[in-house]
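Notes for the one structure printed next.
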Amino acid sequence: MGHDAAVSDNGEALAATPDPRVAVVQIVHDQREELLRSLGHLSALPERPQLIVVDNASTDGSAEAVRERFPSVDMIRLPVNLGVAARDVGVEFARAAYVALSDDDSWWEPGSLARAADALDAHPRLAVVQAHVYVGEEDPSRRREEPMMAEIADSPLPDEPGMPGRPVVSFLGPAAVVRRSAYLAAGGTDPRLQMGGEEEHLSADLQAAGWSLAYLAEVVAHHRSMKGRSGAARDLRRRRGVRNTLWFSWLRRPWPSAARRTLMMVRKVPKDRVSALAFLDALRGLPWVLRERRVVPAHVERRLRLMDEPQMGSRARSYDV
């Protein structure tokens, strides 16, 4: 791509040395301009990761634009929109041991992928590195911290001996680096979830299998907000987020915890049409949820219970945007 060096946001010069340990999987659906903007950042990374774009049946020319502007990117076109489950296709295709997950509107700060790979190399039971996330514009003076960062900083979870950073029970999909083998062994993402809180399911299954997840402040990702996207798109995302939270509680939590979390959701969500439709969607899924219900081990449930109150009181989980 013609870039010989890169500079981090703090001005640190970074050598452009290819790092075969990590690949980037980016999913897109009808967000061509956002995708091209993000690929501009990703293609300039000093790690020179394998870049994989999985196109969720876009109709706006996203795939054609990528092939023209970024011919070295591996483009996978899907005939149907799998939502976030499209990441599984990209992770399967990746050649690297570790995979950085991205959406069409997210990218990684130079040097962060190498730092995440170093942590994963040093800790064989670490499955996910959660990045520190900034949202908003590319201009550092106009961006802000992702609200979820405050929840992580104030987490009541005890430190895990031998693990780096801060422990987390879940991660933000477009801002995490995963161990490819662990991700695939856990089954990836259920396509029925589409998008919105889907990470809870995979995170719980990873922890049930004995893996750890950690937040590392020195690993940094950027995510443009949904500002400018239609109200219908935001409503659909919130509807799916509420539904998926309910499904996770019913699929993986003991019934007392599932009932308590459901009541918390009833009190928390706005009393509007979107919320009503979300609860209706969740109830419609009960047959398969009950059929596939698999409760997490006691040590994982203890961690989830520690996070129930902080999550429901978190401004980052307002369920109204």
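Here is how the numbers come out for the structure above:
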{"read-out": "Cα long-axis angle, helix 273-284 against the chain (0 to 90 degrees, to the nearest 10)", "value": "80"}
{"read-out": "Fewest-first sequence of VAL99, VAL266, VAL54 by Cβ atoms within 10 Å of each Cβ", "value": "VAL266, VAL54, VAL99"}
{"read-out": "Against the rule of thumb 2.2 N^0.38 Å, how large the Cα Rg of the chain comes out", "value": "0.96"}
{"read-out": "Neighbour-count ranking [beta-carbon atoms within 10 angstrom, fewest first] of SER170, SER43", "value": "SER43, SER170"}
{"read-out": "Listed residues GLY241, GLY83, GLY61, most fluctuating in the chain (Gaussian network, C-alpha, under 10 Å)", "value": "GLY61"}
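Here, each number is a calculation from the coordinates, and none is a lab measurement. As the structure is a prediction and not an experimental result, all values here were calculated from the model. Please note: Cβ atoms are built from the backbone with ideal geometry, for glycine as well, and neighbour counts cover all protein chains shown.
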